[in-house]
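Scroll down for the structure; my scribbles are underneath it.
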Amino acid sequence: MDRFEAMSILVATVETGSFSAAGRRLGMPLPTVSRKVADLEAHLGARLLVRSTRRLEITEAGAAYIEACRRILDQVNEAERAAAGEHNEPRGDLVVAAPVVFGRVYVLPIVNDFLMAYPEVKVRLVLSDHNLDLVTEHIDLAVRVGSMPDSNLVATRLGTTCRVVCGSPGYFNAHGTPRSLADLAKHACISFEALAQGPAWKFAQSAQRRTEKAVQVRPRLIVNTAEAAVDAAIAGVGLAHVLSYQAWPAYQAGQLKLVLREFDPDPVPVSLVYTAQRLLPLKSRLFLDEATPRLRKVLEKLTKKNPPALAKPDSSAGAYA
């Protein structure tokens with residue numbers, strides 16, 4: 001029995017939650033995965049996993065052994081990277097995930113620079129507004145928007161973002177600029193289903209009271225991506241309620257104005273996360289070092305109530321310059 005292979009299979013089974021998922025991750029038939037784990041248990045003379053039709057549970061003996069396996073595998077991987085020269089020159093594949101707009105606008109330029117700096121690295125940038133599982137999707141690093149639940153992920157805080165109300169200068173010229181939350185009832189709105197807002201948008205009660213207030217709006221258009229909501233707002237269809245980083249490029253270009261900033265809801269954190277179950281390869285550490293300060297600078301700029309714009313915005317009441 002190849003104990004190193006069996007240990008790798010055992011750890012993959014625990015990380016993915018099932019023999020079948022481990023088989024897909026390792027490119028190995030399900031019966032082989034199950035047999036290798038059973039052979040390891042027979043060699044140790046101890047039950048490591050309790051199998052059921054619904055899920056796997058780790059025994060007390062298995063928990064200690066699996067942690068030892070992880071440490072051993074980490075040490076071997078680190079030794080292999082050192083022997084292959086990765087400590088001097090990063091190489092191999094790096095998979096980075098991010099929300100669609102954030103990834104395209106802010107992460108992709110960092111990836112481009114990273115590829116220019118390290119020619120032996122290949123990057124796969126996965127853009128999705130859903131939180132992908134880092135283990136099952138083989139993702140090395142991911143940008144996450146929102147609070148981080150307790151998990152096995154390590155999070156590097158980048159900053160915060162919040163939802164903002166935006167519309168085109170032409171729309172405001174034709175329909176007026178809302179000055180209060182009650183004014184939203186008079187305006188056509190674009191509902192962004194991915195943020196689970198429905199016909200109600202959430203705001204702070206006031207600049208002084210941070211309690212939340214839900215405001216019913218009149219959606220003329222319902223879309224399921226932030227890009228579509230922003231594009232429709234630029235076209236003058238109505239007001240959109242999107243995350244600040246999603247509206248920022250169009251604001252900079254003078255295509256959108258942001259209003260009702262004094263009612264912005266509480267900001268949500270933005271983090272760069274990775275799994276804690278492995279030592280970070282050099283390519284991942286270098287990408288973290290490159291991306292963290294650049295993304296922090298971007299988010300710091302976006303959280304300002306009066307950020308600079310490339311185009312001079314309209315000075316109508318309720319907008320900001």
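The values are calculated or read from the model by the stated rules, or taken from the named source; none is laboratory data. Owing to the predicted nature of the structure, the values given are computational and were not obtained by experimental measurement. Here the Cβ positions follow ideal geometry from the backbone for every residue, glycine too, while neighbour counts run over all protein chains shown.
Which numbered condition in (1) surrounded by 22 or more Cβ atoms within 10 Å (Cβ to Cβ); (2) in contact with a Gly (Cβ under 8 Å, 6 or more places away or on another chain); (3) under 21 Å from residue 186 (Cβ atoms) is the only one that residue 270 fails?
Checking residue 270 against (1) surrounded by 22 or more Cβ atoms within 10 Å (Cβ to Cβ); (2) in contact with a Gly (Cβ under 8 Å, 6 or more places away or on another chain); (3) under 21 Å from residue 186 (Cβ atoms), the one that fails is (3).
Being closer than 20 Å to residue 135 by Cβ, out of contact with any Lys or Arg (no Cβ under 9 Å at 6 or more places or on another chain) and either in a helix (DSSP H, G or I) or in contact (Cβ under 8 Å) with a residue 12 or more places away in the chain (or both) narrows it down to one of 25, 47, so name that one. Walk me through how you get there before you give the answer.
Numbers: 47 fails: closer than 20 Å to residue 135 by Cβ.
Only one candidate qualifies: 25.
Checking residue 259 against (1) aliphatic (A, V, I, L, M); (2) assigned by TED's automatic domain parsing to the domain that holds residue 179; (3) within 18 Å of the chain's Cα centre (by Cα), which single condition isn't satisfied?
Answer for residue 259: the failing condition is (3).
Tell me, which strands (runs of 3 or more DSSP E) lie completely within the stretch 85-176 with 1 or more residues that are hydrophobic (A, V, I, L, M, F, W, C), crowded, with 18+ Cβ neighbours inside 10 Å and within 11 Å of the chain's Cα centre (by Cα)?
The strands (runs of 3 or more DSSP E) meeting that bar are 92-98, 141-145.
Right, residue 197: surrounded by 16 or more Cβ atoms within 10 Å (Cβ to Cβ), in a loop (DSSP other than H, G, I, E, B) and either modelled with pLDDT under 90 or basic (Lys, Arg) (or both) or not?
Here the answer is yes, as residue 197 does meet what is asked.
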